[in-house]
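The values are calculated or read from the model by the stated rules, or taken from the named source; none is laboratory data. Nothing here was measured: the structure is a model prediction, and the numbers come from that model. Don't worry about glycine lacking a Cβ; one is built from the backbone with ideal geometry, like all the others, and counts go over all protein chains shown. For the accessible areas, the whole protein counts, side chains as well, though only heavy atoms, and no ligand, DNA or RNA atoms are used. Shrake-Rupley method; radii C 1.70, N 1.55, O 1.52, S 1.80 Å.
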Amino acid sequence: MENMQRFGHVVMLGPTNAGKSTLLNRLIGQKISIVSPKPQTTRNSISGIITQGDVQAVFLDTPGLHRQKRGIAPLLMRSAYAALAQADVVMLMLDAAQYARRIDGLAPDLKPVVKAVGDGRLPVLVALNKVDVVREKVKLLPVLEAIAEALPAAELFPISALTGVGVDELLKALLSRLPEAPHQFDPDEVSTAPVRFLASEIVREKLFLALGDELPYSMAVTIEDWDEKSKPGLTKIRAAIHVGRESHKPMVIGKGGERLKDVGQKARADIEEMLGTQVFLELWVKVRRDWTDDPSFLRDLGLGQ
Ligand SMILES: Nc1nc2c(ncn2[C@@H]2O[C@H](COP(=O)(O)OP(=O)(O)OP(=O)(O)O)[C@@H](O)[C@H]2O)c(=O)[nH]1
């Protein structure tokens, strides 16, 4: 029998600057940037998706709870509560170093969290971040005590998102709290959708640089084929450069194909760096008259409705 899958939403709370982005970058890397969620998930707040074996976790970011005191719209608060309504686990991220220096800031930072999730309905995991800069670890004790008092059911994890200390334990605990449910995202789709787009942007950037003033006004790049399966460690990409007129084609290609070759080499180097694999990049130029008026093509480029 197949193992039961587990799936759930991890809602991240915490004041700005606590280190949420740093932690997510460490956990998910570049796969964060742009994902293509299914419609039922709150699109705007998705910051990353992790799939590890049978477990898939969607991380939702919520700036709302902690910015309220600075007077930013109740809308943000509502979006935080909307995210919390979907939460299976709450991760509260705090800058422990800051409170180790001055504990007075802790109570006001905990207050909105206690109000929102202090009833114990959801598992709350507290990441006490930046412990790498706390030299005297005893200074953490009053911080730990105050959190344990305010959120008695919470589990505490001293970590450093920067160095990685404690991060594995935190992730393991987060994943283990997710309920049995089928995965909602295809891990391949999640990982390649954003990088495909970024790859096309890289090609476009190199074209802009190479063409300078000669740049045709209507030019677009689409990824026609993306193959990372046929050979491990190699990503084969076929990208089309669309120009609006036949006369633009030689401008892009250059004498003896030199310009296109140069663009391809530069783009390939950047895409390799982004993907961390070798890349075989094939570029070709397509003339597509009046594509700027073609709604279905614009949609393909992500520009239409
Ligand atoms: N020393 C140390 N610095 C850290 C650690 N984690 C994050 N930082 C630093 O803290 C600052 C804020 O980190 P971010 O990850 O941007 O914080 P954030 O919570 O995403 O902030 P917002 O995007 O404003 O919500 C950055 O300068 C990070 O380099 C850590 O574990 N140790």
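Below, the figures for the structure above:
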{"item": "Test result for ASN3, assigned to a loop (DSSP other than H, G, I, E, B), open to solvent by 30 Å² or more (accessible area, probe 1.4 Å) and either at pLDDT below 80 or closer than 26 Å to LEU110 by Cβ (or both)", "result": "yes"}
{"item": "Wholly within the range 93-155, helices (runs of 4 or more DSSP H) carrying at least 1 residues that are under 14 Å from LEU13 (Cβ atoms) and away from the ligand (no atom under 16 Å from the Cβ)", "result": "106-117, 141-150"}
{"item": "Test: residue in the range 163-182 that is free of Cβ contacts under 8 Å to residues at least 60 places away in the same chain and either assigned to a strand (DSSP E or B) or under 30 Å from ASP227 (Cβ atoms) (or both)", "result": "no"}
